[in-house]
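Just so it is clear, none of the values below were taken in a lab; they were calculated from the coordinates. Since we're looking at a predicted model, the values are computed, not measured. Backbone-built Cβ (ideal geometry, glycine too); neighbour counts: all protein chains shown.
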Amino acid sequence: MFDSLKFLEYVKKKNPNQPEFLQAVEEFVVSVEPFLNSNEKYLNKSLLERIIEPERVVMFRVPWVDDNGNVQINKGYRVEFNSAIGPYKGGLRFHESVNLSILKFLGFEQAFKNSLTGLPMGGGKGGSDFDPHNKSDGEIMRFCQSFMNELYRHIGPNTDVPAGDIGVGAREIGYLFGQYKRLRNEFTGVLTGKGLEWGGSNIRPEATGYGLIYFLVEMLKTREEELVGKTVAISGSGNVAQYATEKAIELGAQVVTLSDSNGYVYDSAGVDKEKLEFVKKLKSVKHGRIKEYAEKFSGAEYFEGKKPWEVKVDIALPCATQNEIDEKDAKVLVENGVIAVAEGANMPSTNEAIKVYQEADILYAPGKASNAGGVAVSGLEMSQNSLRMAWSREEVDQKLKEIMKNIHKTTVRYGIDEFADVDVNEEGALEGIRTKYKVDYVKGANIGGFIKVANAMRAQGIV
Ligand code: NDP
Ligand code: 2IT
């Protein structure tokens, strides 16, 4: 018999002082406990004890010289979590909060997320406690080069393929790729999120945000709801938030909030195309603050030091960072009548917040399912690199849509108690779920992602 609470005691003892990692493991094991107990083959040969242990963790020193000639030191990491179904794959995060606990939670979830995409990718994550805010372009470049001076020996197109995450976008991927190419004398698909002219894929910048909305639309359909006319609160204003906003407004929703680490803006008239262009330039080119939105557009208000969850909306899309919605925030969202929460960020809801959603029976999509579009298109970028080909925007977008629909289907299938075969209409939508079944998307994503990884590990022996 598998007892998730007992198992968690073991994980805690083995991983002291890693609260984020423990949180991710807890969310996982509690939700898969009944499944494991009726599929005991997954309890053999310490499979669970192995799956929560990264295959390899690399930690290194990153020295670099700032614009004043001072030597700065940061910590660099790559957590190679699981390679059962493909090379390690996952982003690099540059943020002052980065530590082993955060990267281990991200790597752990990445393994299941990547499995859900249906593409052959293992799980990994890395980064640095480097804070990119207020750094010059030269400083960013020198930091990226120094980071790669160590990382290059651990990665490769068939070994480990990093990408972007918080603080790592097109500019940083460019500098990292340039240095890798120089050190190895090799032009390969070792990183994803590359520029279009040098091996990048169409739709990769858009993929996480667009995929989130494609997943949300599928989820809404199960309750005979649609996105048109719904008000949406989005947090963050970076890559994921920008393209979630773009797709949401294209499909007729009204996005009324955006945020950054200093505060949020509320725009009752909704973000339109022109305002979104302003945000893209502000955050991705000028690296400015979201409060400038409220200074630029009359009618918009800025709330310093606050999070957008106090605004009354139909749908909440957290797209900034982990634990940005706690129990109290979740209660406010529910009291204000929110019908769906879909995560663009990784683990933005605390486990207590998730309980609040589940008790209120609102639609809730965990990040490892709903934000998988980004890594899915990274997988497509790897395929295109191997083929030495480039697919059109339309082709990649179509593939992304299909992948998100499939992830939704898998999640529903394993999120229903009986693992029932559900009706699929001509468009591939799942019909009548609301009336027939209650879907637990947390359980569905965890079991749906786990099975393939676990089967591969069983087949490959004790490794
Ligand atoms: P960006 O760096 O482009 O944007 C991050 C945004 O979140 C910024 O607005 C930033 O504000 C805000 N933010 C970051 N940290 C905090 C914090 N501690 N408190 C409040 N706000 C914060 O990152 P992405 O958009 O790429 O990533 C956002 C989330 O989505 C992350 O959880 C990431 O792991 C997840 N994700 C990203 C994918 C991708 O393809 N990029 C794929 C799947 C998930 P500020 O400008 O003030 O720093
Ligand atoms: O969390 C994530 O899935 C990402 N940051 C994207 C990873 C990737 O390899 O594209």
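The residues of segment 296-311 include none that are within 16 Å of ligand 1 (Cβ to nearest atom), part of a helix (DSSP H, G or I) and more than 24 Å from the chain's Cα centre (by Cα). The set of residues in segment 388-405 that are crowded, with 17+ Cβ neighbours inside 10 Å and assigned to a helix (DSSP H, G or I) comprises Val396, Asp397, Lys399, Leu400, Lys401, Ile403, Met404, Lys405. Note on segment 236-251: residues that are more than 16 Å from ligand 2 (Cβ to nearest atom) and either buried (at least 24 other Cβ atoms within 10 Å of the Cβ) or part of a loop (DSSP other than H, G, I, E, B) (or both) total 4. Does Ile315 satisfy being within 12 Å of ligand 1 (Cβ to nearest atom), surrounded by 24 or more Cβ atoms within 10 Å (Cβ to Cβ), of a type in the set (A, V, I, L, M) and more than 15 Å from the chain's Cα centre (by Cα)? It is false that Ile315 is within 12 Å of ligand 1 (Cβ to nearest atom), surrounded by 24 or more Cβ atoms within 10 Å (Cβ to Cβ), of a type in the set (A, V, I, L, M) and more than 15 Å from the chain's Cα centre (by Cα).
Residues of segment 158-200 that are among the polar types (S, T, N, Q), surrounded by 18 or more Cβ atoms within 10 Å (Cβ to Cβ) and touching a residue at least 40 places away in the same chain (Cβ under 8 Å): Thr192 alone. Cβ-Cβ contacts under 6 Å between residues 6 or more apart (or on different chains), taken from a first residue in segment 201-228 that is more than 19 Å from Asp314 (Cα to Cα) to a second residue that is of a type outside the set (Ser, Thr, Tyr) and in a loop (DSSP other than H, G, I, E, B), are listed as Arg204/Gly193; Thr208/Asn371. Residues in segment 148-165 that are of a type outside the set (Asp, Glu), out of contact with any Asp or Glu (no Cβ under 9 Å at 6 or more places or on another chain), over 16 Å from Lys181 (Cβ atoms) and within 13 Å of ligand 2 (Cβ to nearest atom): 0 in all. The set of residues from segment 191-235 being more than 15 Å from ligand 1 (Cβ to nearest atom), farther than 30 Å from Arg388 by Cβ and outside any loop (DSSP other than H, G, I, E, B) comprises Val217, Glu218, Met219, Leu220, Lys221, Thr231, Val232. Of all residues in segment 123-137, those being in contact with a helix residue (DSSP H, G or I) (Cβ under 9 Å, 6 or more places away or on another chain) and more than 11 Å from ligand 2 (Cβ to nearest atom) number 5.
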